[in-house]
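The structure appears below as C-alpha coordinates.
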Amino acid sequence: FYNKFKKKGKMKQEYFEVGQIVNTFGIKGFVKVKPFTDDMERFEELKSVLVVKNKEQIEMQIEQVKYQQTVVLLKFKGIEDINMAEKLKGSYLKIHRKDTRKLPKDTYFIADLIGLNVYTEEGELLGKVDDIYNNKSNDVYVIKDELGKQILLPGIKEVIKQIDIDNEKIIVHLINGLI
(Lines give C-alpha, C1' and ligand atoms only; values in the text may rest on other atoms or scores of the structure.)
Protein backbone atom coordinates (compact mmCIF):
# COMPACT_ATOMS: atom_id res chain seq x y z
CA PHE A 1 0.00 0.00 0.00
CA TYR A 2 2.62 2.51 1.10
CA ASN A 3 5.04 1.77 -1.76
CA LYS A 4 2.35 2.52 -4.33
CA PHE A 5 2.44 6.19 -3.33
CA LYS A 6 6.17 6.44 -2.77
CA LYS A 7 8.23 7.94 -5.58
CA LYS A 8 10.89 5.77 -7.16
CA GLY A 9 13.83 5.29 -4.83
CA LYS A 10 14.25 6.23 -1.20
CA MET A 11 12.19 9.02 0.29
CA LYS A 12 14.07 12.21 1.01
CA GLN A 13 14.44 13.11 4.64
CA GLU A 14 11.83 15.72 5.54
CA TYR A 15 13.48 17.20 8.67
CA PHE A 16 17.12 17.90 9.50
CA GLU A 17 18.72 18.14 12.94
CA VAL A 18 20.47 21.50 13.22
CA GLY A 19 21.60 21.34 16.84
CA GLN A 20 21.16 20.09 20.38
CA ILE A 21 20.30 22.06 23.51
CA VAL A 22 23.20 21.25 25.83
CA ASN A 23 22.53 23.65 28.70
CA THR A 24 20.82 26.78 29.93
CA PHE A 25 22.42 30.23 29.81
CA GLY A 26 21.71 32.93 32.36
CA ILE A 27 18.41 33.30 34.21
CA LYS A 28 16.21 34.79 31.48
CA GLY A 29 15.41 31.57 29.60
CA PHE A 30 18.26 31.35 27.09
CA VAL A 31 19.53 27.90 26.07
CA LYS A 32 22.97 26.88 24.80
CA VAL A 33 22.82 25.03 21.50
CA LYS A 34 25.61 22.91 20.04
CA PRO A 35 25.11 23.56 16.29
CA PHE A 36 25.23 20.70 13.77
CA THR A 37 25.64 23.12 10.88
CA ASP A 38 28.75 24.59 9.29
CA ASP A 39 27.39 28.13 9.61
CA MET A 40 26.31 29.07 13.15
CA GLU A 41 24.79 32.33 11.92
CA ARG A 42 22.28 30.20 10.03
CA PHE A 43 20.07 30.34 13.15
CA GLU A 44 19.37 34.05 12.53
CA GLU A 45 17.44 33.11 9.38
CA LEU A 46 15.08 30.80 11.28
CA LYS A 47 11.81 32.03 12.74
CA SER A 48 11.07 28.72 14.48
CA VAL A 49 12.43 25.20 15.04
CA LEU A 50 11.01 21.87 16.12
CA VAL A 51 12.23 21.02 19.61
CA VAL A 52 12.35 17.23 19.96
CA LYS A 53 12.72 15.39 23.28
CA ASN A 54 11.62 11.88 24.22
CA LYS A 55 9.87 11.43 20.85
CA GLU A 56 7.73 14.51 21.54
CA GLN A 57 8.16 17.52 19.31
CA ILE A 58 6.88 21.04 19.59
CA GLU A 59 7.39 23.98 17.28
CA MET A 60 8.92 26.92 19.11
CA GLN A 61 9.36 30.48 17.89
CA ILE A 62 12.86 31.93 18.11
CA GLU A 63 12.85 35.31 19.84
CA GLN A 64 16.58 36.08 19.99
CA VAL A 65 19.91 34.64 18.77
CA LYS A 66 23.34 35.29 20.32
CA TYR A 67 26.73 33.60 20.00
CA GLN A 68 29.35 32.43 22.45
CA GLN A 69 32.50 30.82 20.97
CA THR A 70 31.28 27.49 19.54
CA VAL A 71 27.67 27.58 20.78
CA VAL A 72 24.53 29.41 19.77
CA LEU A 73 22.41 31.02 22.47
CA LEU A 74 18.69 30.93 21.71
CA LYS A 75 15.76 32.55 23.43
CA PHE A 76 12.38 31.00 22.62
CA LYS A 77 9.05 32.80 22.94
CA GLY A 78 7.31 31.63 26.10
CA ILE A 79 10.50 30.44 27.85
CA GLU A 80 10.98 33.22 30.37
CA ASP A 81 13.32 31.84 33.03
CA ILE A 82 16.03 29.30 33.78
CA ASN A 83 13.52 26.79 35.22
CA MET A 84 11.56 26.69 31.96
CA ALA A 85 14.78 26.52 29.92
CA GLU A 86 16.10 23.67 32.08
CA LYS A 87 13.29 21.40 30.80
CA LEU A 88 14.62 21.76 27.24
CA LYS A 89 18.11 20.41 28.02
CA GLY A 90 19.02 17.43 25.85
CA SER A 91 16.45 18.32 23.17
CA TYR A 92 17.34 18.26 19.51
CA LEU A 93 16.43 21.08 17.14
CA LYS A 94 15.07 20.25 13.70
CA ILE A 95 14.03 22.27 10.70
CA HIS A 96 11.94 21.29 7.71
CA ARG A 97 13.70 20.62 4.40
CA LYS A 98 11.95 23.69 2.91
CA ASP A 99 13.70 25.86 5.54
CA THR A 100 17.20 24.68 4.63
CA ARG A 101 19.52 26.84 2.59
CA LYS A 102 19.83 26.07 -1.08
CA LEU A 103 23.02 24.07 -1.48
CA PRO A 104 25.72 25.01 -3.97
CA LYS A 105 26.05 22.89 -7.12
CA ASP A 106 27.52 19.42 -6.46
CA THR A 107 26.84 19.72 -2.72
CA TYR A 108 24.44 17.37 -0.95
CA PHE A 109 22.83 16.80 2.42
CA ILE A 110 24.53 13.85 4.12
CA ALA A 111 21.09 12.40 4.88
CA ASP A 112 20.43 12.16 1.13
CA LEU A 113 23.68 10.23 0.54
CA ILE A 114 23.32 7.64 3.32
CA GLY A 115 22.16 4.34 1.85
CA LEU A 116 23.22 5.06 -1.74
CA ASN A 117 24.96 2.21 -3.59
CA VAL A 118 28.62 2.85 -4.38
CA TYR A 119 30.10 1.46 -7.59
CA THR A 120 33.57 1.56 -9.11
CA GLU A 121 33.94 3.05 -12.58
CA GLU A 122 34.06 -0.55 -13.83
CA GLY A 123 30.58 -1.21 -12.36
CA GLU A 124 31.64 -3.28 -9.33
CA LEU A 125 29.35 -2.74 -6.31
CA LEU A 126 31.47 -1.82 -3.28
CA GLY A 127 28.56 -1.41 -0.85
CA LYS A 128 26.33 1.33 0.52
CA VAL A 129 27.18 4.68 2.10
CA ASP A 130 26.90 3.98 5.84
CA ASP A 131 28.19 7.31 7.18
CA ILE A 132 30.02 10.47 6.18
CA TYR A 133 32.23 12.45 8.52
CA ASN A 134 34.71 15.29 8.18
CA ASN A 135 38.38 14.90 9.12
CA LYS A 136 39.34 18.58 8.75
CA SER A 137 40.87 18.27 5.25
CA ASN A 138 37.88 16.60 3.55
CA ASP A 139 34.80 14.45 4.03
CA VAL A 140 35.29 10.71 4.47
CA TYR A 141 32.69 8.35 3.01
CA VAL A 142 32.21 5.15 5.04
CA ILE A 143 31.11 2.41 2.63
CA LYS A 144 29.85 -0.88 4.07
CA ASP A 145 29.44 -4.06 2.02
CA GLU A 146 26.86 -6.80 2.65
CA LEU A 147 29.32 -8.61 4.96
CA GLY A 148 29.76 -5.49 7.11
CA LYS A 149 33.30 -4.75 5.88
CA GLN A 150 34.04 -1.02 5.81
CA ILE A 151 35.87 0.92 3.14
CA LEU A 152 36.83 4.55 3.82
CA LEU A 153 36.96 6.83 0.79
CA PRO A 154 38.04 10.48 0.79
CA GLY A 155 35.34 12.83 -0.48
CA ILE A 156 37.57 14.39 -3.13
CA LYS A 157 36.85 14.88 -6.83
CA GLU A 158 39.63 12.45 -7.80
CA VAL A 159 37.72 9.67 -6.01
CA ILE A 160 34.02 10.64 -5.98
CA LYS A 161 33.30 10.84 -9.71
CA GLN A 162 29.50 11.02 -9.85
CA ILE A 163 26.65 11.31 -7.37
CA ASP A 164 23.27 10.37 -8.79
CA ILE A 165 20.63 10.90 -6.10
CA ASP A 166 17.72 9.99 -8.42
CA ASN A 167 19.21 6.59 -9.31
CA GLU A 168 20.59 6.11 -5.77
CA LYS A 169 24.19 5.55 -6.78
CA ILE A 170 27.65 6.98 -6.46
CA ILE A 171 30.46 6.16 -8.89
CA VAL A 172 34.00 6.24 -7.54
CA HIS A 173 37.51 5.99 -8.93
CA LEU A 174 39.72 3.85 -6.72
CA ILE A 175 43.19 5.35 -6.48
CA ASN A 176 45.98 2.81 -5.79
CA GLY A 177 46.33 2.18 -2.05
CA LEU A 178 42.77 3.17 -1.09
CA ILE A 179 41.52 -0.35 -0.48
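With contacts defined as alpha carbon pairs under 8 Å and 6 or more residues apart, what's the relative contact order of region 89-179 in percent? It would help to have the intermediate numbers written out before the result.
Working: 130 pairs, mean separation 20.0, N = 91.
Relative contact order, region 89-179: 22 percent.
Restricting the trypsin sites (Lys or Arg not before Pro) of region 131-179 to loop positions (DSSP other than H, G, I, E, B) with no more than 14 neighbouring Cβ atoms within 10 Å leaves K136, K149, K157.
Amide H to amide H distances under 5 Å link V172 with Y119, T120, E121, K161, where only residues 5 or more positions off or on other chains count and H is placed in the peptide plane.
Across the accessible surface of region 62-179, with the other protein chains kept in place and a 1.4 Å probe, carbon and sulfur atoms take up 49 percent.
Using alpha-carbon pairs under 8 Å, 6+ residues apart, how would you state the relative contact order of the chain in percent? Mind dumping the intermediate values first?
Working: 320 pairs, mean separation 32.6, N = 179.
Contact order relative to length: 18 percent.
Between E63 and K75, F76, K77, the built amide H atoms are under 5 Å apart, and every one of these is 5 or more places off in sequence or on another chain. Note that the chain presents 67 Å² accessible area per residue, ligands and nucleic acids not counted, probe 1.4 Å.
Summed over all non-identical Cα pairs, the Kirkwood treatment of the chain gives a radius of 18.6 Å.
The values are calculated or read from the model by the stated rules, or taken from the named source; none is laboratory data. Just so it is clear, the model here is predicted, and its values are computed rather than measured. Here the Cβ is made from the backbone with ideal geometry for all residues, glycine too, and neighbour counts use every protein chain on show. Each accessible area value is taken on the protein alone, full model and side chains, heavy atoms only, with ligands, DNA and RNA left out. Shrake-Rupley method; radii C 1.70, N 1.55, O 1.52, S 1.80 Å.
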